[in-house]
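Some notes on the structure that comes next.
The values are calculated or read from the model by the stated rules, or taken from the named source; none is laboratory data. Keep in mind the model is a prediction, meaning the values are calculated, not measured. In this analysis, Cβ positions are derived from the backbone assuming ideal geometry, glycine residues included, and neighbour counts consider all displayed protein chains. With ligands, DNA and RNA removed, areas are computed over all heavy atoms of the protein, side chains included. Shrake-Rupley method; radii C 1.70, N 1.55, O 1.52, S 1.80 Å.
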Amino acid sequence: MRNILVKSALVALTAFCAVEANAQNNVALDQSQNQLNLELQSGETKYYNTSAIKSIDINDGNVSVAVGSATDKYDGNVKTVRFAKASIINQDGKVEIIEAKGWLESAYIKWKPLTGAVSYNVYVKGGQYADWTKIDYQLVRNYGTYGRADVVGLKAGSYELKVVPVDGTNAEKADAANQASNLEVRNYNRSGFAHKGFSGIGAYNDDGTLKSNAKVLYVTKNTAKTISTNVAGAQSNPCVGLQTIIDAYQKGGDTTPITFRIIGTVDKDDLDHISSSEEGIQIKGKNKDSELNITIEGIGEDATFAHVGFLARNAKSVEFRNFGIIRCMDDGISLDTDNSNIWIHHIDVFYGKSSGGDHAKGDGAIDVKTNSKYVTVDNCHYWDTGKTNMFGMKSESGPNYITYHHNWFDHSDSRHPRVRTMSVHVWNNYFDNVAKYGVGATSGASVFVENNYFLKTKKPILSSNQGTDALGSGTFSGEAGGMIKAYGNYFDRTAVNFKYYTQNNPTTTGYDAYETANRNDKVPATEVTKDGGTAYNNFDTDASLMYDYTPDAAEDVPGVVTGYWGAGRLNHGDISFTFSDNVGNDDTDSAVNSQLSSLIDSYKSSLVGIFDGENIGGGDNPGGGDDPTPGPGDEPTPEGTILCSFDGAPSVSMFTAADNYGDGKITYEGVYYKKGEKMDSKGSITFTPTKNYDMTIVLGTAKGGKDVSINGTKTTVSGTENTDGKYYELQPIEVTANTAYTITKGSAESLVMIIKLVPKE
């Protein structure tokens, strides 16, 4: 690059103006070149190879880029200016990398197949990984014309990914390896009521990393019936099958964090069974608000559930992230009965099962009902859904705090959301050609509608039986009204028959929302609904109730929500469809879009399988997958602290135990365990760690023994009895990587309940 002129050191320009592009010299993203990136307010990014730039002029909010004799001028429309080093360098004889990017707590890399390679090992470096670390083989997949690996559970930072081909002898070809660098990973936005007073929803910490003792299970159409793990308190172990494992958590004896990582398409017929005949996969706690620590997450761009949805009951600490739902049975995700701290984000919701009439597009997309509380729904992409979101039935005790932010209502019809009784914060959502109405409040609800962008939405905000809803024939609800506070929203007012009334310009029937001049202004108690006489509860101005958040300006919302870091799955998923706003009046037409309907009904993932693993074949019939061919290591070693129990079988596959179990009935670190390995003349446990650990052995008191032998040598430390939990906990002993260990009887018969391995620093 020959010259860069910067007259004003601006990295964030906020004016919203048109682009004057004289030269049109911007190019496609080229990760093999050093590049200038101009992120526009619209969310679009303009790329320039720095080697071709003659000069850059940033002056009082105006950016000009000169390439040769021509100049591109951006008049106040640039949000950020960045320079990026080349992240990919391809050379002959090495793996040719096609693409590599960081995303939200994850990163991915794609490459062309290399002649002579039968599989690939992929390594990650950066963030929590100081050195190159091999990722689980299930994450390294074959898409026929390219390979792909996704790394999840990353904290924010800069990362490198390396692809090493493996030949037919299972040897790495290190001289043909290639890598990508400078991959930016950001954290998910954890603003919202779900995280209010609660950290680490599901299997992950708030920094994006897996919890120390989390289990990881990989689910494909072939393995949904066969994945297995031990669950403390289950009637029998191991528990086999996705729904069976989740059902076992209902017993209440195990809160071990667990994440189910979905690869490719999983159809209803692929499952071992479903526990909800109405919705599909049921996640249920023993009692109301039972902490489960479950995450359901998709891997990559194509993770999809077909012909099945989710029902959560009595559940706490459950997360749904990064997958699509196609033709669900009833609701896509339904939170029903006493759930709390539930986080639903980056989901693509398509048409459900058609039942005709007002169910032609299916029933609800994501519903929150029956005293579900402290819930966040964010960054979800609703593809022409009908009854999109219902919050509240009629039996809630309230106020059931719910957050709804950065969602993309893409030509959907109604309920964005429809709220009964609850206190709901609706902010930074993109209402994109909504056919019927946007936000609706009934039954004494309090809804704060803040900094949203309403494009061609004829009835953006409704309160039952007043304002717009009381004009003309029919209402969106015959129930009593709810109060809505509005601030900072953008209405383009171009929709046919657009209507929106505030207290400043009410109709004879009242107003749709009470609009404030400032975000922290309260709605006066004297302002009540026309029908029902309820007032706004001002939950949003109560510091003891509200969470910390930083809203985007309303005019920036379309770019943010539809941008790379925005709503829906990674890269907005693998289903590409654009609504035509000039054909069929999509902003007023609530009928099924036949093209989209046909597209999702014929959808097939291009996934072929896992390298050196199972043949998945996206084109196979649901439920008819090939028998999985085990890859190296059926269950990967968990990250962080390993907690192995012996309740009928070892819960972690690196351990092998003689079939010699006995009742111990202990509670350790808040989890109940019934059985352990009896260390008598028949009992033994063997394992070979892959890294250095401090090992703690927990013995039940039932057999009386307080020590064990390790590789033939009796332990020289005595156990300390925990009388509350009824166990002995031996002092930590260091075990080293790649060393085989055998644990047998010590001075007297004992009962090994738990082996805990804490990684050495």
### Query
For the chain, what is the charge dipole size about the Cα centre, in debye to the nearest 20, if Lys and Arg each add +1 at the Cβ and Asp and Glu each add -1 at the Cβ?
820 debye
### Message
Suppose we keep just the alpha-carbon trace of segment 41-182; what are its Rg and Dmax in angstrom?
### Response
18.8, 62
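Two decimals, Cα atoms only, Kirkwood Rh: what is Rg/Rh over segment 311-355?
Values: Rg = 11.3 Å, Rh = 11.3 Å.
With Rg and the Kirkwood Rh in hand, the quotient comes to 1.00.
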## Note on the structure
So, with points 7 Å from each Cα along the Cβ direction, the residue 758-residue 251 label distance in nm works out to 2.8 nm
#### Entry: Projected label distance in nm at residue 34 and residue 692, using a 7 Å step from Cα toward the beta-carbon
4.0 nm
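Which trypsin sites (Lys or Arg not before Pro) in segment 83-155 sit in a loop by DSSP (not H, G, I, E or B) and have at most 13 other Cβ atoms within 10 Å of their own Cβ? Show your work: numbers first, answer last.
Values: sites: 85, 94, 101, 110, 125, 134, 141, 148, 155; in loops: 85, 94, 155.
Here the trypsin sites (Lys or Arg not before Pro) that fit, given the DSSP loop and packing criteria, are 85.
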### Query
For residue 571 and residue 397 in the same chain, what is the full-extension length gain: residue separation times 0.36 nm, less their Cα-Cα distance, in nm?
58.7 nm
### Cα-based reach from residue 251 at 15 Å (exclusive), listing aspartates and glutamates while leaving out same-chain residues under 8 positions away
289, 291, 647
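Keeping the other protein chains in place, figure out the carbon and sulfur percent of the accessible area of the chain, with a 1.4 Å probe.
On the way: 12850 of 28770 Å².
Percent of accessible area from carbon and sulfur atoms in the chain: 45.
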### Message
Could you compute the net charge surrounding residue 714? Neighbours are other residues with a C-beta less than 12 Å from the C-beta of residue 714; K and R count +1, D and E count -1.
### Response
+1
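Please report the antiparallel percentage of the DSSP beta bridges confined to the chain, to the nearest 5. Before the final figure, lay out each step's value.
Values: 110 of 204 bridges.
Of all bridge pairs located within the chain, approximately 55 percent are antiparallel.
Please work out the ratio of the alpha-carbon Rg of segment 265-341 to 2.2 N^0.38 Å and round it to two decimals. Walk me through the numbers on the way to the answer.
On the way: Rg = 12.2 Å, N = 77, 2.2 N^0.38 = 11.5 Å.
For segment 265-341, the normalised Cα radius of gyration is 1.06.
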### Task
State in Å² the accessible area per residue of the chain; use a 1.4 Å probe, count heavy atoms of protein chains only, and round to the nearest integer.
38 Å²
### Query
Residues of segment 743-761 with amide nitrogen under 19 Å from the 7 Å Cα-to-Cβ point of residue 658?
743-755
### Task
Give a residue-ordered list of calculated ³J(HN,Hα) values for segment 131-140 (Karplus: 6.51 cos²θ - 1.76 cosθ + 1.60, θ = phi - 60°; whole Hz; x for Gly, Pro).
10, 4, 10, 6, 8, 4, 4, 5, 7, 9
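What ranking, highest mean first, results for peptides 458-471, 699-712 when packing means the other Cβ atoms within 10 Å averaged over each residue? Can you show the working numbers first?
Values: 458-471: 25.3, 699-712: 18.9.
Output ranking for 458-471, 699-712: 458-471, 699-712.
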### Query
What do you get when you divide the Cα radius of gyration of segment 432-484 by 2.2 N^0.38 Å, with N the number of residues?
1.10
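Counting every Cα pair in segment 129-217, what percent are over 19 Å apart? If you can, show how the numbers build up before the last one.
Values: 2114 of 3916 pairs.
Everything past 19 Å amounts to 54 percent.
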### Task
Apply the Debye scattering formula to segment 386-458, with a single equal point scatterer on each alpha-carbon and no solvent, then give log10 I(q)/I(0) at q = 0.12, 0.17, 0.27 Å⁻¹.
-0.28, -0.56, -1.22
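What is the ratio of the Cα radius of gyration of segment 430-563 to 2.2 N^0.38 Å, where N is its residue count, to two decimals? Mind dumping the intermediate values first?
Details: Rg = 14.5 Å, N = 134, 2.2 N^0.38 = 14.1 Å.
Normalised Rg, Cα atoms only: 1.03.
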### Potential lengthening between residue 132 and residue 91 on full extension [0.36 nm per residue; Cα-Cα distance subtracted]
12.7 nm
### Distance histogram in 10 Å bins (all Cα pairs of segment 346-493, percent per bin)
13, 45, 38, 5
### Query
What nm value, rounded to one decimal, do you get for the distance between residue 509 and residue 70 when each label is placed 7 Å out toward the C-beta?
5.5 nm
